[in-house]
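Scroll down for the structure; my scribbles are underneath it.
Any read-out appearing in this document is the output of simple, stated calculations on the displayed coordinates, not a laboratory observation. Quick caveat, the model's predicted, so the values are computed rather than measured. Glycine also receives a Cβ, built like all others from the backbone with ideal geometry; neighbour counts cover every protein chain displayed.
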Amino acid sequence: MRLVLVPFICAAASAAAEPARYELDPAHTTIAFLVDHVGYAKTLGLFAEMTGSFVYDMETQDLSDVRVVVSTASLETLNDARDNHVLSSDFLDVESHPQMVFVADGGTPTGETTGTVEGELTLLGQTGPLTLDVTLNKAEVYPFGHQRFTLGLTVRGSLMRSDWGMDYGVANGLVGDEVTLIIEAEAMRVEG
């Protein structure tokens, strides 16, 4: 997210001329995933509960102090039996690991409004590297409601779940190892 944001800086220079903390708007943030099911189709799941914040400087494009915490028990795949299985020790083991946490302290621009964020994901008690591709969609004052300066973000990434010890169904091809991450977020600048 350490992006070159020339189109946005002019419009927002007075609103964001120094590092500011942003917090994810839970009503307008979706953290979802796709994973292969026996080769027939990919199953879509999402997590309904999360918190997150980061520090970002619109002028210098510096990103720091990224922390996103996801409640693993908030999983939803639109099928109760599947949800119960994914919540079990075969997958997320929510009784022992009620949260997964992503942290990062920087990013690298790849284009005018794109960049990568390299951080660490803690899942099932194990911590490993995770790189996310980030696109800044919009950066301006929200037109209604809270009327705070807001960043609109599209984030994509992927991981091999076996890297975190989640091996169920990998060897026999029942459930894919690679998990595609799909994140759409609005992050509001913290005032004061």
**Q.** Exposure rule at most 15 other beta-carbon atoms within 10 Å, DSSP loop chymotrypsin sites (Phe, Trp or Tyr not before Pro): the chain longest free segment
**A.** 41-143
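To make sure I understand, if each residue's beta carbon is the centre and we count other beta carbons within 10 Å, what order do T150, T77 fall in, fewest to most? Could the numbers behind the result be given before it?
Working: T150 21, T77 17.
Least crowded to most crowded, the residues run T77, T150.
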Q: Kindly put L92, L78 in sequence by how many other C-beta atoms sit within 10 Å of each C-beta, fewest to most.
A: L78, L92
**Q.** Spatial extent of the chain: Rg and Dmax, with the Cα atoms as the point set, Å
**A.** 17.6, 57
Q: Assuming R0 = 25 Å, can you tell me the calculated FRET efficiency for the pair V190 and T135, based on Cβ-Cβ distance, to the nearest 0.05?
A: 0.65
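Please state the relative contact order of the chain as a whole percent: Cα pairs under 8 Å, 6+ residues apart?
26 percent
Could you calculate the contour length gain from R82 to R156, that is, 0.36 nm times the residue separation minus the distance between their Cα atoms, to one decimal place in nm? Let's see the in-between values first.
Values: separation 74, 0.36 × 74 = 26.64 nm, distance 2.40 nm.
Full extension of this stretch gives 24.2 nm more.
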